[in-house]
Structure formats: structure tokens, C-alpha cells
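Laboratory data are not the source of any read-out in this text; all were calculated from the coordinates shown. Bear in mind that the values here come from a model prediction, so they are computed numbers and not experimental data. Glycine gets a Cβ as well: all are built from the backbone with ideal geometry, and neighbour counts include every protein chain shown.
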Amino acid sequence: MSGKENTKEMTEQETAATEAEETATAENEVTLSEDELKALCREHVCPACDVMGEAKDERLRALAETENIKRRLARETEELKKFAAESILSSLLPVLDNLDLALDHAQNLDACKDFVTGVDMTRKMFLDTLSKHGLEAIGKVGDEFDPNFHEAMGMAQMATLPDGSIAQMMQRGYVLKGRVIRPAKVMVNKTA
């Protein structure tokens, strides 16, 4: 074989190989219409398209959901901190009630004068400690009856007080940082 035939044969082989590659590439190429291209852009993030892709939309929704969860957890944590002592403080209320009863029963007895002074000082110190944690007493004789803070136990008649006001305290009520933990039990005034 001469050099020309050898070169011609190599050229024919290269041409055949190039044609085979072009045929394979042409078979693998997919022609997309404009609608199909936009649909693909919607499915995947495509910075060249003006259409927001579904993947980008899902990512934004996930980020928004994460932010909502963070806010909710922060709010719940703050609420938990604010009212963490509620169960302890509400379980101490009967102790305070018993101190009030002791004062009421021994108030007019001369033999218990020193005892009453000691119990009154203890009660005041106990109330001061509870108030540092946000506990406040509610309900006084003469205040207007409010069903949000008071529980009506019955009616009473006192000419010196207006209708709908508290005539008598049966049991003192308490709020913790604005939340009622025990309503005051009262007798409501009704003059007529």
C-alpha cells in the first residue's frame, strides 16, 4: 500500500468516526418547545428564566415555616418563663389563707395580742416574697364586681355600697402577672 492510499484510508476512517459521533449526538439531542422549557424552569431553579421554579418556591416556603417555628418556640419559651412559678405559688395560697383565718379569729382576743402581731408580720413577709414573683391579691369590699376576677358566692344587702359592688370577701383571689390563678370569692351587693 502506498502512502496516498494509507492516508485516504485514514481520512475515510476519521470521516466515518465523525459521522458516527454526529449521528449519536443527533439521536441524544432533544428539541424542546418553549412551553416545555418553561415547565422545566418551573421544576428546577433556572436563573435565566423569569419564572420562579417550584424548587425555589418550596425552598422559600420551607424557610418561612422555619421562621414561624422559631417565633412560636421563642413565644412559648417566654410564656413558660413568665408563668413557671404558677403551680408553686398556687399551692402556697392555702398557707396564706390559713394565716388570714388565724388573724381573723384571734383579732379581738387580748390574750392572743402578741400571737396576732407575730402572725401578721409573718403574713406580710410572706406576701412581700410572693409579690416579688408577680403575685397580687385581688378583690376588696367596695370594688365593682368583675366576673373575670371574682366568683359570686351569693348576694348581700348593704345600703352604704352601690349595686354590683363587692359587699363581703369570702376568700381572697390572686393574679400572677395578669393571669388569674384563683378568683376572689365574694358576696355581691344588691340593695333592692
Task: Order by protection proxy (mean Cβ within 10 Å, highest first), peptides 56-67, 175-186, 137-148 - done: 175-186, 137-148, 56-67
Task: Separation in nanometres of the label points that stand 7 Å from Cα toward Cβ, at Cys112 and Leu127 - done: 1.8 nm
TODO: With r as the distance between the Cβ atoms of Leu63 and Asn148 and R0 = 45 Å, compute the FRET efficiency 1/(1 + (r/R0)^6) and round to 0.05.
DONE: 0.65
